[in-house]
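Here the structure is laid out as structure tokens; the discussion comes afterwards.
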Amino acid sequence: MSQHIVSPKIYFLIFAALFALTALTTGVAFIDLGPYNTVAALAVAVTKAILVILFFMHVRYSPHLTRIVVAAGFFWLAILITLTLSDFRTRSWTPRPSGWEISAFSPQDGR
Amino acid sequence: MSEAPLALAHQFDDLDQQHEAGSLGMWVFLVTEIMFFGGLFAGYTIYRSLYLEGFVAGSHILNIKLGATNTAVLIASSFTMAMAVHSAQKGRRRAVMGFLLLTMLLGFTFLGIKCVEYHDKYVEHLIPCESVACSNLGLQFAPVEQALQEIQKQHAQLAHVELYFCFYFFMTGMHALHMIIGIGIMTYLLLMARRGKFNAQYYAPIEVAGLYWHFVDIVWIFLFPLLYLIGGRY
């Protein structure tokens, strides 16, 4: 009936994994993978975040309601970033109306 | 079952329900925090995609060793915080206090290293600031020779590197502010634990503070690769 108590052994394993992943992501930054450097760095960061959320934050042992709230939070974050980027990355696809040439958000201008 | 345990607030059926409600409430708050930092991450992503050279140059100016060390320190503090919650669940008062102190110590270590980094950037004149009041304090954005070489190597414009440092200082600054608040909360928990306010049935404040601390750790887990590891160091 009482709360699920995670054993210190699991906490320590997660800590070791997080430490190893930090070393990995720092090491990978010194190897030339082209555009995959960013992909690798983000993949490691997401893995670490999932480990922290599932084990340190007990979401793995939490009721469904808590899990839905957590998932909804990150889903909304995904919407925020995806829709904002899809706007900015597609602005150059269509011609600007005349008179709008000098735009504060033009990717080309410096300062 | 004639008397309810002291730890149970009257509006809950049992301890399990009380515990779930507490965690759920904290998670709702953390979702608002995800949205807060999410806005910063979205802004960062847009400007990084527009001015990549500037962001690469800015990232290469940062001290990767100090950044990686701080990541390790913060992960260790998350581990000790998890152990503090574990000790609370077992009702071990002295262990709770020990692990809370250890977590605070690691938190201060992180902030100390952050201060060293901020000071380095101050000395290198990398604080983004334009007004006269700022330049009177020596806070103008006028990179020293070494940083300028890196900026030229990446063919980056000075204004774009300055924008990178705006994001760097605001994001790491907001993260550091959250850590200072977390250390303040732990100071309060330490006093409550010393007075014997917690037991194996009632430890919700420690659990909820743990969730907060782990969340701050997650923010840094993303800040480290996004600020320090842009474009590779080879």
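FYI, it's all coordinate maths here, none of it is from the lab. All values derive from a computational prediction rather than experimental measurement.
Cα axis of helix B:204-223 to longest principal axis of chain B: angle in degrees, 0 to 90, nearest 10?
For helix B:204-223, the angle is close to 20 degrees.
Ordered by residue, what ³J(HN,Hα) values in Hz, to whole numbers, does the stretch B:72-79 give under the Karplus form 6.51 cos²θ - 1.76 cosθ + 1.60, where θ = phi - 60° and Gly and Pro are x?
Per-residue couplings from phi come out as 5, 4, 5, 5, 4, 5, 5, 5 Hz.
Given the alpha-carbon gyration tensor of the stretch A:17-82, what are the semi-axes of its equivalent ellipsoid in whole angstrom, ordered largest first, with each equal to the square root of 5 times an eigenvalue?
Value: 27, 17, 5 Å, ordered largest first.
Before rounding to the nearest 500, sum -39500 (n - 2.57) across all DSSP H runs of length at least 4 in the protein assembly as shown and divide by the residue total; then give [θ] at 222 nm in deg cm²/dmol.
Taken over the protein assembly as shown, the calculation gives -24000 deg cm²/dmol.
Once phi is turned into θ = phi - 60°, what whole-Hz ³J(HN,Hα) does the Karplus curve with 6.51, -1.76 and 1.60 give for every residue of the stretch B:93-101, x standing for Gly and Pro?
Residue by residue, the stretch B:93-101 yields 5, 5, 5, 4, 5, x, 5, 5, 4 Hz.
Quick one: Karplus J couplings for the stretch A:62-74, per residue in order, coefficients 6.51, -1.76, 1.60, θ = phi - 60°, nearest Hz, x for Gly and Pro?
Taking θ as phi minus 60°, the curve returns 8, x, 4, 4, 4, 4, 5, 4, 5, 4, 4, x, 6 Hz for the stretch A:62-74.
Using alpha carbons only, how many degrees (0 to 90, rounded to 10) separate the axis of helix B:52-61 from the longest principal axis of chain B?
70
Connecting C-alpha atoms closer than 10 Å in a GNM of chain B, tell me which of B:K121, B:K65, B:K90 has the biggest fluctuation.
Highest fluctuation among the options: B:K65.
Tell me which lysines have Cα within less than 30 Å of B:K65's Cα, excluding those fewer than 8 residues away on the same chain?
Answer for B:K65, where 30 Å is the Cα cut-off: A:K9, A:K48, B:K114, B:K121, B:K153, listed by chain and number.
Cα-based Rg of chain B per 2.2 N^0.38 Å, rounded to two decimals?
1.24
With no solvent and one point per C-alpha, what does the Debye sum give as log10 I(q)/I(0) for chain A at q = 0.11, 0.15, 0.19, 0.24 Å⁻¹?
Each listed q maps to, in turn, -0.63, -0.90, -1.09, -1.26.
Stick to Cα atoms and the Kirkwood definition of Rh, then tell me Rg/Rh for the protein assembly as shown.
Radius of gyration relative to Kirkwood radius: 1.03.
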